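> The structure under discussion is supplied below as structure tokens; questions concerning it will follow.
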Amino acid sequence: MAASKRRVDVPGRILDVAEDLFGRSGYGGTTTRAIASRARMNVGQLHYYFDSKRAIFEAVVQRIGGEVTERRRRLLREAEARYPRRVVPLEVLVDALVRSILLPEPTAGSRRKPMRLHARLFTDPDETASAVRAGIYDETNALYVAAVRRALPGVPARTLYWRYYFMMGAYVWTLLQPGRLEAISQGRCDPADMEQAVREIVPFLCAGLAAPTS
């Protein structure tokens, strides 16, 4: 029984190690040999569970991003059910978007995902990494872009895409560079207080999305 449990846990151990290495060195800077070494196995054993580095990366990003995207879908469905003609107020949409990544829900039996590491994976410039992320995140981004367009019918589509893109940068930066907030506020702001981060960033982003167009 104990040996069986260890075998079941091997893929999870591989993904834990790979998540840390990808987060530190990016997709291009991480090798399957390094993952195997940290997971205390040889490359042949690693390939028994995952046939390529890309397969490992896909599993890592799906494990982290799957929870985020599923929560975004659920929050959007719940919001659209509460408002007529599925026109959800902008602040509700933005809150759902940022809360899903800044304040992930702990689930029973799940590991608390390190969101700063998630942000690093999210911004890896490697083309393979970008393609993997697109497959996971593009669907919910499209759903929210459509919902924001319904909430802001007066903003031209091209302008709205730019603003949505800027919004993504703001919440990812909030995860990536917490030390900058502490420095510029001279210790007055706590970068670990993500509840406060959500309260501050939602009205800021709403103002930018809804700003007058020239």
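The values are calculated or read from the model by the stated rules, or taken from the named source; none is laboratory data. In this text, all values refer to a predicted model and were calculated from it rather than measured experimentally. Please note: Cβ atoms are built from the backbone with ideal geometry, for glycine as well, and neighbour counts cover all protein chains shown.
> I'd like the full set of residues that are charged (D, E, K, R), under 30 Å from ARG85 (Cα atoms) and either in a loop (DSSP other than H, G, I, E, B) or under 23 Å from the mean Cα position of the chain (by Cα) (or both), limited to region 147-198.
Selection gives ARG149, ARG163.
> Quick one: is ARG77 under 22 Å from the mean Cα position of the chain (by Cα), assigned to a helix (DSSP H, G or I) and over 30 Å from LEU143 (Cα atoms)? So that I can check it myself, show each step before the final result.
Working: under 22 Å from the mean Cα position of the chain (by Cα): yes; assigned to a helix (DSSP H, G or I): yes; over 30 Å from LEU143 (Cα atoms): no.
Judged against the criteria, ARG77 is not a match.
> Being surrounded by fewer than 17 Cβ atoms within 10 Å (Cβ to Cβ), of a type outside the set (Val, Ile, Thr), assigned to a helix (DSSP H, G or I) and modelled with pLDDT under 85, is that true of even one residue in region 103-120?
yes
> Another question, if that's okay. Which ones in region 83-96 are over 16 Å from the mean Cα position of the chain (by Cα), modelled with pLDDT of 95 or more and of a type in the set (D, E, K, R)?
Selection gives GLU91 alone.
> Restricting attention to region 48-63, which residues are closer than 24 Å to GLY135 by Cβ, surrounded by fewer than 16 Cβ atoms within 10 Å (Cβ to Cβ) and either without any contact (Cβ under 8 Å) to a residue 60 or more places away in the chain or β-branched (Val, Ile, Thr) (or both)?
ASP51, SER52, ALA55
> I need a count of the residues in region 144-193 that are at pLDDT 90 or above and either at positive phi or among the hydrophobic types (A, V, I, L, M, F, W, C) (or both).
20
> Condition (residue is modelled with pLDDT of 80 or more, farther than 28 Å from ALA147 by Cα and part of a loop (DSSP other than H, G, I, E, B)) applied to region 43-51: is it met by at least one residue?
yes
Here is a yes/no grid of residues against (1) closer than 16 Å to ALA119 by Cα; (2) of a type in the set (Val, Ile, Thr); (3) free of Cβ contacts under 8 Å to residues at least 24 places away in the same chain:
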residue	(1), (2), (3)
ALA151	no, no, no
THR159	no, yes, no
LEU175	yes, no, no
ALA183	no, no, yes
PRO191	yes, no, yes
GLN196	no, no, yes
ALA207	no, no, yes
THR213	no, yes, no
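> I've got another one for you. Take the residues in region 52-82 that are in contact with a Ser or Thr (Cβ under 9 Å, 6 or more places away or on another chain), modelled with pLDDT of 90 or more and among the aliphatic types (A, V, I, L, M); name whichever of them is farthest from ALA146 (Cα to Cα).
Step by step, filter region 52-82, then rank; the result is ILE56.
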